[in-house]
Ligand SMILES: O=C(O)CCC(=O)C(=O)O
Ligand SMILES: [Fe+2]
């Protein structure tokens, strides 16, 4: 109907060769169509004018005016129309934006069709989100597990508070929904469990205060870790994660090219004492347990994420040296590349409460357990999900060259 009026008014004005009227009619018709519900008074006025070709606007508005005064009246009216139109456009625009936003919310309201997007709260721009109002369990529907996996791919590490209902068995049952559970090759699982590993601050190896990705001494290192806070100190003891895909993107193109060509040897027999704050108990654990089997694996420094296709840096504390580069030069290069990973902008820091769960994508992150809680007790337990062998940007696979057990 509005189109018809619009067309009719333009046609009429054109016939009369009244170009001022053409503009006016166009404005009027637009205004009419835009304002039907909100500016009823104005629109009926215009509608009358447009539907009645025999009336001129001037004669309706000022039947007794002199010929000279008519254009002025018309201009005033057109000016008012234009002003009204502007207001309506702004008003409607806002309404439209609000409606578009609302409809986006209603179509995007559920992540994977199940998790309200309002329950996902980012904790830093480039990595980390807290997911609220979910009770994790091994019984969650497949759709919820798929949504959790997609949130993990997007945010790299996701946090869930208030999961105190999870015991060791339930923790593993939930983790097993995300992939195959695997024990640590040297440390093994907690008794009776498939993969569960306990890190206790009072025992050797209980403080992971170096930047690392888990298990990179092996080729198919873990893809996802599920960490549960069991005993948390009154202060300190946060964990920091970094986004290694963002770090790759931060490299200037010549360094990206260099990193893409580079391969590194990762080993569990790395310069542990040279990196971490080692206590006697940690040294003993490192020498007697952690290095019981010696691994050496070659990984590309840049791997292609098998699910997202992103390129991510594979470095961290377990790097022994770069292939084809002398140790001293390699150390400089390592420090340079690793500095992009540890840049605060690429990290998120989590302040634990007991019963929290953190899930991280070990293919696109590194992490660091901050050792700032002194002698306080801290215990976390971790379930481990099997990963795949990394691929370089040119499609070559990581390879374990050495695996020697005493
Ligand atoms: O203690 C932590 O917060 C993290 C420990 C760690 O590095 C791990 O569980 O892989
Ligand atoms: Fe770790």
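Nothing in this text is a laboratory measurement; each read-out follows from the coordinates by a stated rule. Here the structure is a predicted model, which is why all the values come from computation and not from measurement. Backbone-built Cβ (ideal geometry, glycine too); neighbour counts: all protein chains shown.
The table below lists the values:
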{"item": "Residue order, fewest to most beta carbons within 10 Å, for 368, 248", "result": "368, 248"}
{"item": "Distance between the range 308-382 and the range 209-243 - C-alpha centres, whole angstrom", "result": "8 Å"}
{"item": "Extension reserve of the residue 234-residue 388 stretch, reckoned as 0.36 nm per residue once the Cα distance is removed", "result": "51.7 nm"}
{"item": "In Å, descending, principal axis extents of the Cα set of the range 280-406", "result": "45, 38, 31"}
{"item": "Shape call, the range 141-254: gyration tensor on alpha carbons, a/c limit 1.5", "result": "rounded"}
{"item": "Gain in span if fully extended, residue 397 to residue 125, counting 0.36 nm per residue against the direct Cα distance", "result": "94.8 nm"}
{"item": "Tensor-based shape of the range 302-373 (alpha-carbon gyration tensor, a/c under 1.5 rounded, otherwise prolate or oblate)", "result": "oblate"}
